Amino acid sequence: MRDWRFWFAEQRGTLMAIAIFIVMFVIYSSNHPAGFSANVVQTASNKGVLLAFVAMAQALVVITAGIDLSVGMIFTLTNCLASWIVVGSPVQVFFGVVGVLLVGALCGAINGAIVIYGRLQPIVTTIATGAVFYGIALAIRPNPGGSVDETLADFFTGRFFGFMPASLVTLFAVVLVVWVPFSRSVTGRAAYAVGSSEPAAYMSGVNIRRAKFAAYTLSGLLAGIGGLFLTFFTYTGEAAYASGNAYTLFSIAAVVLGGVSLFGGKGSAIGAIFGAMAFRTIGDLLFVFDFDPLWQPLFQGVVLLLAVSIGAFGLFRIRNRLDWFG
Amino acid sequence: MNALAERLPIFMRRMDPAVVTAFACILLLLFVGSLYSSNFLSPEYLLQQLKVASFLGIIATGMMLVILLGQIDLSLPWVVSVGAMMSSAVAGLGDVGAAIAIPFGIFCGVLIGLVNGVGVAYLRIPSMIMTLATNAVAQGLMVVYTGGFSPQDSASPAARYLATGFIIPTVPNSVLCWLAVGAAAVFLMTRTTFGRSIYGIGNRERAAYLSGINTRRVVMIVFAISGGLAAFGGVLLAGYASKAAQSMGDAYLLPAIAAVVLGGTSILGGRGSYLGTVAGVMLITLLQSILSVMQMPEFGRQIVYGIVIIMMLLLYGRERLQR
Amino acid sequence: MEEILRRRFWFMITLEGALVEAAPLFRLEGVSKSYGGVRALQKADLDIYPGRIHGILGENGAGKSTLIKAMAGVLAPDEGRMFLDGRETSFASPTAANKAGIVCIFQELSLIPDLSVADNIVISDPPTRFGMIDRARQRQIAEQALARAGAEDIHPLALVKDLPLSRRQMVEIAKALARKPRILILDEATSALTAADVTKIFAVLKRLRSEGLALLYISHRMHEIAELADECSVFRNGRKVETYEAGSKTNNEVVELMIGREYKNVFPPKPPLQSNGTTPVLQAENLSWTDRLKDISLSVRAGEIVGLGGLDGQGQRDLLLALFGVLSGCSGKVLIDGVPVKINSPTAAKSEKIGMALIPEDRKTEGLMLPMTVRDNLSFASLHRISDHGIVNRAKEQKYIDEMIALLGIKTAGTGIAVGSLSGGNQQKVVIAKWLMNQPRIILLNDPTRGIDVGTKQELYVLLRKLAGQGAAILFYSTDYDELIGCCDRVLVLYDGKVKRELVGAEITERALIASALNIDMGEALHL
């Protein structure tokens, strides 16, 4: 019984994110004209999965107390790349997919290497590398276009057995293959340790560099998977600056909604996924209530503002004002 | 190394190596540029660069104050746009409107900054997410206001005069604006108790609080100042282009942060000088200008821009090794 | 008797009955380390033997921390050689030192706040199964280690950040034991522990010694060293002064070795007790806060030094913070000069009307901004005094700063250097000076001598008495009983958030302090 309580305390952020998502989704689907149907779920999940991948990517870096402002640009770059090389014969397509994922991981690894060996702050590093990644994306796709293997795209954006959205299944698979092993490995533990207190981690003989490098590289890989999926949905590649930026910013919002602390060491990628889904659902709520789409950005902003302010209610419980300063 | 340092004049010995390097990089850029075209060293070109830099300079001043606190203001893009759009909107309301256009634009920025400040200082929401949220709200408000179309109002005559006119012959007014803002910022940072508090909070807010500083009020005011300066930058930009545009602020967020950091201000707060920010702003402006003069395609500009920032930071912005 | 024999003849460990002189397990030869021109450690030699506890004594800045950091692989020495089992070694990182069997418990805790106790205990080498951490096994290891450290009350799944300081320290010790060390280094490891924990830990350490471990024990508390150590080394100014057999020197001799001069009259004389009827400057009535402070009433008159005693963590720190306006939701009254006041922030506490100052617990995070200059730090609490309408008057500032540096005798190369580059004692002087600059009438001190050297401590005692003589009301919390006895006119002993006893004048004795701290009556205490 006591053990269960400790687990609950540790996972509180993630559980909160799941709860927020469920509430949002119930409101959404119960008011949706089509009701809770496989179609509604598929559309919702296809939209949500993109942000979910990027948010997972962001979460990995945030757990080490870093921040990745280039994550949206890796997403854009891999999108452009996929619209170029994921075509042709099945073998070509296979290598194309592998190539896209490798490039994503490479981008993350570059970020990691600069942060670790260059000893620069993550925030400025990723601002600069973001510009580079965007530049490369622009070089690949000066104008929107390209194509992607449609069979593959349809497979990943359709449904399995008529009711399970393939994108959601893929997301689940990625969690199982990437996040679960990482979070339970020694390196994953080290990533949490580094994020929670880097000096203490160093003193404890934790391999800080390996932990950070792994987190950044996997983050790039996940953003790459996101970019690949974007291509599957749109069949094209586009080096859209605004969209890349928006994904970066939304990923931070999703991570925070998902209970991952921006100060590091706390939260999980699972939380980030639900944060992303909740954030997407918030944006879509307006459509089901039949509001003018013009109000969507404002509504999304206000809900985000309220959501982050809710966390502040804990302040009223603080009796020692020094606790304000962490 | 030490012997060399001792031979330098005192004022140079006291200077932050980051600032010195940044100015050296500016000279290098000018040199490279002059190899490319002799126009590069002409007074007209340099004044033109200074004019372009002044918009970024004003915006980066607010960002620098926030970064000195160890925080960040990501609401900058839409605060810039709000400043520009609101002041232009008011300017369309007749003579009174035109008269209060500039103060009203700044006022709107201060309001958003205050919301940021209340969230960060009093509700203890991490600034990165708080300012992100207000940015989204500001964007939402503007989208609703304009109905999704680009705004039709044109900038007030006063804004146009400030951005493009000349009080002193050959020196653009916008440069004078930056000069005024910069002088005020330097005074604030170095001579006032408020400035001392900013540095103190940036180093360790806990210790500042226990020293009896009203840290929450200081943080809130700094965010308000940052909002006001971003909006002022927006007003000037609207004056420069004679009207506001929806996403005119997007192009200023990352350069503003980069300029501050290239100028040697620690992104973790508590350390940095305004001279450095000036150097950073000029550096960024010159870099962008050279890349466009060389007619490098957009993708190349982005890549070079990013790589140059990384390189320069690797030169002098590294953290100390633990061991 | 056995103990004495063991101490005398330790070098004749018999292996199969033969007399063999034990070889040192670890040896340092001429190890030096400098930081930016300051020699922190100079040509240090040290031999460490298995089955012995080696006490290390020295003031702050004597080179003790540098010594153990070099041993534990945290920093690389500039010169000198280190031998393990007679073979020359060097460690590239703490991990490398750990692998060689050298485990260090640092003064600054090395626990990771957001991870659980079990996660922390196995952090450097978690048990794995199929490449993933084996949680069941990890928990088992943690439970064993906690039991070995005598801390079974700590749940292995609790998050470290939720534990009180003393429990964290026990986790730290368990974590060290879980690494199966051959050499265990304890650097002020008992500073946050309660008396009961210290007793437990000493039993553990003695058991480890009998198991053949080499222990290096660093502490400011001489009686701890006297109880534990088999031999002691004294460091001063980065050099090892002497190594001697435990018990072969008197306390005074040891202190003289540490400070390098004769040691006498630590505390300034107290003025005769006055029973004047003046209104106390500071009064608290029925002050309560959560479950940490219960109905505390106290009064401090001008010219008086009132001590707060008791075991660590009985509410003393909370009381000082409550008076200083840091805690919210306090009930009860605070009166200044007999007038009830509401103090809800340090800003209010330091205002002219109230004139309060708090020397906080941790100078590095609460008292100073280490990277900022001595000047900025000194004037930070008195900005309103050195400015006109918010604009700093530099001449005035310089004048006050010069006064303070002279008053406290702060040794600094200038006011423009970072305060973090000063020695610990001088840093603490800056903290005190920064508050004296505001001319407080009420001075609250939260364990101000923790981790500073004997010389500075002595200066501080004189200063406190001088300030009291000038009319300040001083409330002084200390974890060091000698200080309370030597400095205070009255001592309030706290137990579980309540004032358990008030000792006045000659009543302030070590016995009375300990008895009331442990909440036992004086009759029982006579048999202690």
Next item on the list: Return a whole-number percent for the relative contact order of segment C:304-381, with Cα pairs under 8 Å and 6 or more residues apart as the contact set.
Entry: 18
Next item on the list: Scan segment C:193-234 for GluC sites (Glu not before Pro) in coil per DSSP, keeping those whose Cβ has at most 11 other Cβ atoms within 10 Å, and list them by number.
Entry: C:Glu211
Margin query: Across the protein assembly as shown, what fraction of all alpha-carbon pairs, as a whole percent, falls in each successive 20 Å bin from zero upward?
Written below: 10, 36, 36, 15, 2, 0
Note to self: If the reach is capped at under 25 angstrom between alpha carbons, list the lysines near C:Lys500, excluding any in the same chain fewer than eight residues apart.
What the structure shows: C:Lys270, C:Lys294, C:Lys333
Next item on the list: Mind jotting down the three principal axis lengths of chain B based on Cα atoms? Whole angstrom, largest first.
Entry: 66, 57, 38
Note to self: Give me the dipole magnitude in Debye, nearest 20, for chain A about the Cα centre, with unit charges on the beta carbon: positive for Lys and Arg, negative for Asp and Glu.
What the structure shows: 1120
Notebook entry, point to check: Which value, in debye to the nearest 20, describes the size of the charge dipole of the protein assembly as shown about its Cα centre when Lys and Arg Cβ atoms bear +1, Asp and Glu Cβ atoms bear -1, and nothing else is charged?
Noted result: 900
Checklist line | Using θ = phi - 60° and Karplus 6.51 cos²θ - 1.76 cosθ + 1.60, couplings along segment A:208-224 (whole Hz; Gly, Pro as x) | finding: 5, 5, 4, 4, 5, 4, 4, 4, 5, 5, 4, 4, x, 4, 5, 4, x
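Which of the residue pairs C:Lys43/C:Lys161; C:Lys364/C:Lys399; A:Lys212/C:Lys434 have a Cα-Cα distance greater than 30 Å in the structure shown?
Exceeds cut-off: C:Lys43/C:Lys161; A:Lys212/C:Lys434.
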Margin query: If I build a Gaussian network model for chain A, linking alpha-carbon pairs within less than 10 angstrom, which residue out of A:Ala201, A:Ala166, A:Ala312 has the largest mean-square fluctuation?
Written below: A:Ala312
Next item on the list: Collect residues whose amide H, placed 1.01 Å from N in the peptide plane, falls under 5 Å from the amide H of C:Arg301; neighbours closer than 5 in sequence don't count.
Entry: C:Val281
Next item on the list: Taking amide H positions as placed in the peptide plane 1.01 Å from N, state which residues far from C:Thr128 in sequence (5 or more) or on other chains have amide H under 5 Å from it.
Entry: C:Asp134
Notebook entry, point to check: Once the dipole of chain A is set up with Lys and Arg at +1 and Asp and Glu at -1 on Cβ about the Cα centre, which of A:Ser70, A:Trp84, A:Gln296 lies farthest towards its positive end?
Noted result: A:Ser70
Notebook entry, point to check: Of all the Cα-Cα pairs you can form in segment C:167-258, what percent are over 14 Å apart?
Noted result: 68
Item checked: For segment C:195-234 and segment B:85-144, distance of Cα centres in Å -> 63
Check: Can you list the residues, at least 5 places off or on another chain, whose amide H is less than 5 Å from the amide H of C:Gly307, using H built in the peptide plane?
Finding: C:Phe476, C:Asp489, C:Arg490, C:Val491, C:Leu492
Item checked: Alpha-carbon radius of gyration plus Dmax, which is the widest Cα pair, for segment B:204-272 in Å -> 15.9, 49
Note to self: Please list 3J(HN,Hα) in residue order for segment B:275-290, calculated via the Karplus relation 6.51 cos²θ - 1.76 cosθ + 1.60 where θ = phi - 60°; whole Hz, with x for glycine and proline.
What the structure shows: 4, x, 5, 4, 4, x, 4, 5, 4, 4, 4, 4, 4, 4, 5, 4
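Over 22 Å, how big is the tail of the calculated P(r) for segment B:35-189, in percent of all Cα pairs?
51
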Checklist line | Dipole in debye (nearest 20) - segment C:208-263, about Cα centre, beta carbon charges: Lys, Arg +1; Asp, Glu -1 | finding: 280
Next item on the list: Give the peptides C:354-365, C:148-159, A:286-297 in descending order of average Cβ contacts within 10 Å, highest first.
Entry: C:354-365, C:148-159, A:286-297
Notebook entry, point to check: Short version: ³J(HN,Hα) in whole Hz for each residue of segment C:377-390, in order, from phi by Karplus 6.51 cos²θ - 1.76 cosθ + 1.60 (θ = phi - 60°), x for Gly and Pro, what are they?
Noted result: 5, 5, 8, 5, 8, 10, 4, 5, 7, 9, 10, 10, 6, x
Margin query: Which one, C:Val431, A:Ala17, A:Ala105, projects farthest toward the positive side of the charge dipole computed for the protein assembly as shown from Cβ point charges (K/R +1, D/E -1)?
Written below: C:Val431
Notebook entry, point to check: For segment A:256-326, what log10 I(q)/I(0) values come out of the Debye formula at q = 0.15, 0.23 1/Å, with one point per alpha carbon and no solvent?
Noted result: -0.64, -1.04
Check: Per the Kirkwood treatment, what hydrodynamic radius in Å, one decimal, follows for chain A from the mean inverse distance over all distinct Cα pairs?
Finding: 20.2
Note to self: Please compute, for the alpha-carbon atoms of segment C:144-209, the extent along each of the three principal axes and give them in descending order in Å.
What the structure shows: 32, 23, 18
Margin query: To check my understanding: the extent here is largest minus smallest coordinate of the Cα atoms along each principal axis. What are those three numbers for segment A:170-326, in Å, largest first?
Written below: 56, 46, 27
Margin query: Compute for chain C: radius of gyration divided by Kirkwood radius, i.e. Rg/Rh, restricted to C-alpha atoms, rounded to two decimals.
Written below: 0.98
Check: Averaged across the residues of B:187-195, what count of C-beta atoms belonging to other chains lies within 10 Å of each residue's C-beta?
Finding: 4
Checklist line | Distance between segment A:1-79 and segment C:442-512 - C-alpha centres, whole angstrom | finding: 55
Checklist line | Cubic angstrom per residue, convex hull over Cα atoms of segment C:420-528 | finding: 120
Margin query: What lysines does C:Lys99 reach when the alpha-carbon gap must be under 19 Å and sequence neighbours fewer than 8 apart in one chain are set aside?
Written below: C:Lys69, C:Lys175, C:Lys180
Margin query: I'd like to know which of C:Tyr244, C:Ala23, C:Leu464 lies farthest towards the positive end of the charge dipole of chain C, counting +1 on Cβ of Lys and Arg and -1 on Cβ of Asp and Glu.
Written below: C:Leu464
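Where a number appears in this text, it was derived from the coordinates with a stated rule and is not lab data. In this text the structure is predicted, and so the values were computed from the model without any measurement. Glycine also receives a Cβ, built like all others from the backbone with ideal geometry; neighbour counts cover every protein chain displayed.
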